[in-house]
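Here is the structure we will look at, set down as structure tokens.
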Amino acid sequence: MMLTRTGILSPRHAPGPVGDLAERSPLMTRQRVRHRLRRRVGRALVPALKLAAILLLLGSTAAALAATIRWLLTSPRFAVAAVEVQGTSRLSGAEVLTAAGIAPGDNLFRLNGEEVAARLRRLRPVKRAEVIRSLPNRVTLVVEERVPFTLAQAGRLYWLDEDGIALGRELRAVTPPLPVVTGILPEETGNGGEAADRARGAVSLIRSMLRTGSPLTREISEIHMSGADGPVLYTVEGIEVRLGTVDWEERLGRLDGVLAQIRSLGEPVEYVDLRFRGQVVFKPRAR
């Protein structure tokens, strides 16, 4: 009789591999793949749906904005009904309105304020201009006029402002407190070029006299600007002063002392020439 050993069997002692009891069938595997694919497709569609929603919203907003702009530009509510003019003294309101070129019924939002202001600045008395729109249908034109500075003469008296721009005529008999400018035509001063430079030069000379507190503004009666060698000044005693083309302030400073010396000598002088550096040339007047 043979004795045999018995014991508990374990996988290590199994004669062959043990099958995977949890192994899925092909049917179950295909179902899981399809489920994962649906989830991936769903996640991919989310951004596209969001983008579509945003585009739809933007389209609606753009349409609403276009409708609003069309209403603003065409509604009779914003048709200009009144134009007010402020700041004028030399110009009339009618002159300003004509230059502005704003027609009744023009749309308030179509109105180009820069173009209107530029047209107003073409009026010689106008230095600055501003266009103010007030809802729903009012426009205000604010004008800053040029201020007369000194008189000029070219067959008739007319005013120059501080930029040398010719303003309107002076029809009254006046005694100007500053030297009168000659040798410049009024129509030349607003066109630039040499004539405008001469007008600005005359104004600059007078401002130099005023800045230093010199009594020359009372002693000089005329500043003639058409000479090729620079301004020629005439004193109230009839003395001609040749100033030259440069260093006007320095020469004006010397002229003050020269005129005082001439008066002390008591000798009539025809002209004083200051065009030479460090020298003063004067010619006695023939008796």
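The values are calculated or read from the model by the stated rules, or taken from the named source; none is laboratory data. None of these values were measured; they are calculated from a predicted model. As a convention, Cβ positions derive from the backbone with ideal geometry for all residues, glycine included, and neighbour counts pool all protein chains shown. Each accessible area value is taken on the protein alone, full model and side chains, heavy atoms only, with ligands, DNA and RNA left out. Shrake-Rupley method; radii C 1.70, N 1.55, O 1.52, S 1.80 Å.
Can you report the number of residues in segment 159-190 which are over 21 Å from R90 (Cα atoms), polar (S, T, N, Q) and either in contact with a Cys (Cβ under 9 Å, 6 or more places away or on another chain) or open to solvent by 20 Å² or more (accessible area, probe 1.4 Å) (or both)?
0
Against the definition (part of a strand (DSSP E or B) and either modelled with pLDDT of 90 or more or in contact with a Ser or Thr (Cβ under 7 Å, 6 or more places away or on another chain) (or both)), how does L167 come out, yes or no?
no
Yes or no: V116 at negative phi, open to solvent by less than 70 Å² (accessible area, probe 1.4 Å), at pLDDT 90 or above and touching a Gly at 6+ places or on another chain (Cβ under 6 Å)?
no
When you go through (1) surrounded by fewer than 18 Cβ atoms within 10 Å (Cβ to Cβ); (2) more than 21 Å from S92 (Cα to Cα); (3) without any contact (Cβ under 8 Å) to a residue 40 or more places away in the chain one by one for R121, which number turns out not to apply?
Of (1) surrounded by fewer than 18 Cβ atoms within 10 Å (Cβ to Cβ); (2) more than 21 Å from S92 (Cα to Cα); (3) without any contact (Cβ under 8 Å) to a residue 40 or more places away in the chain, only one is false for R121: (2).
Take the residues of segment 261-287 that are exposed (fewer than 12 other Cβ atoms within 10 Å of the Cβ) and among the aliphatic types (A, V, I, L, M): which is nearest to the chain's Cα centre (by Cα)?
V281
Okay, residues lined up against (1) open to solvent by 50 Å² or more (accessible area, probe 1.4 Å); (2) within 18 Å of F282 (Cβ to Cβ); (3) in contact (Cβ under 8 Å) with a residue 24 or more places away in the chain:
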site	(1), (2), (3)
A195	no, no, no
A202	no, no, yes
R211	yes, no, no
V241	no, yes, yes
E249	yes, no, yes
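Take residues that are at pLDDT below 90 and at negative phi and tell me which of the helices (runs of 4 or more DSSP H) falling wholly in segment 191-287 contain 1 or more.
In segment 191-287, the matching helices (runs of 4 or more DSSP H) lie at 193-212, 248-265.
Could you check, for segment 94-106, whether at least one of its residues is open to solvent by 70 Å² or more (accessible area, probe 1.4 Å) and either in contact with a Lys or Arg (Cβ under 6 Å, 6 or more places away or on another chain) or modelled with pLDDT under 95 (or both)?
Looking through segment 94-106, at least one residue is open to solvent by 70 Å² or more (accessible area, probe 1.4 Å) and either in contact with a Lys or Arg (Cβ under 6 Å, 6 or more places away or on another chain) or modelled with pLDDT under 95 (or both).
Would you point out which residue out of R138, R156 is open to solvent by 40 Å² or more (accessible area, probe 1.4 Å), among the basic types (K, R), closer than 21 Å to E95 by Cα and over 18 Å from the mean Cα position of the chain (by Cα)?
Within the list R138, R156, the selection yields R138.
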